[in-house]
Amino acid sequence: MNKSFNSTGFDDDISIITGTKNELVVFQKMNEALSFLELLKLNNQTNNRTLIALNSAVNTTKFLNRYQNFEGKIFLCLNGNKAGNIITEKILAEFHKKNIKDVRS
């Protein structure tokens, strides 16, 4: 399975691990996306979804602009803290007509 990883190493842009399915899983930080991959590996599962790490709350607008025309499923796995709640609500409000789900519970 070929995965590409795009990261500047700084918090000024989002990081992307490209998958083959028409699905996005959005995390707040890159280490959370990598932990998700490790959990899948421990359970002998593979990942086909594109994983996105915002890396900073200020990148929420970049995510919204970059994926405004995305037609697949979007799963939000942001933190349950104040920042994560604000980001989740903002993305849900902007993409309210899309196939999107907050999966934190």
Can you give me the % of accessible surface on the chain that is carbon or sulfur? Probe 1.4 Å, all protein chains present, nothing else counted.
50
Mean Cβ-within-10 Å packing, highest first, puts peptides 74-87, 24-37 in the order 24-37, 74-87
Say each of Ala57 and Lys82 gets a label point 7 Å from the Cα, pointing the same way as Cα to Cβ; how far apart are those two points in nm?
0.7
Mean separation of Cα pairs under 8 Å and 6+ residues apart, divided by the residue count of the chain: what relative contact order is that in percent?
28
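Given a Förster distance of 22 Å, report the FRET efficiency between Thr46 and Lys73 from their Cβ-Cβ distance, rounded to the nearest 0.05.
0.80
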Enumerate the amide H contacts of Ile100 below 5 Å, restricted to partners 5 or more residues apart or on another chain; note that Pro and chain-start residues carry no placed amide H.
Ile74
With a probe of 1.4 Å, find how much accessible area the chain has per residue, and write the answer as a whole number in Å².
61
Taking the Cα-to-Cβ direction at Asn22 and at Glu38 and moving 7 Å from each Cα, how far apart do the two end points lie in nm?
3.4
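The values are calculated or read from the model by the stated rules, or taken from the named source; none is laboratory data. Owing to the predicted nature of the structure, the values given are computational and were not obtained by experimental measurement. Counting neighbours? That spans all protein chains shown, and the Cβs are built from the backbone with ideal geometry, glycine included. When the accessible area is computed, the model is the full protein with side chains, heavy atoms only, and any ligands, DNA or RNA have been set aside. Shrake-Rupley method; radii C 1.70, N 1.55, O 1.52, S 1.80 Å.
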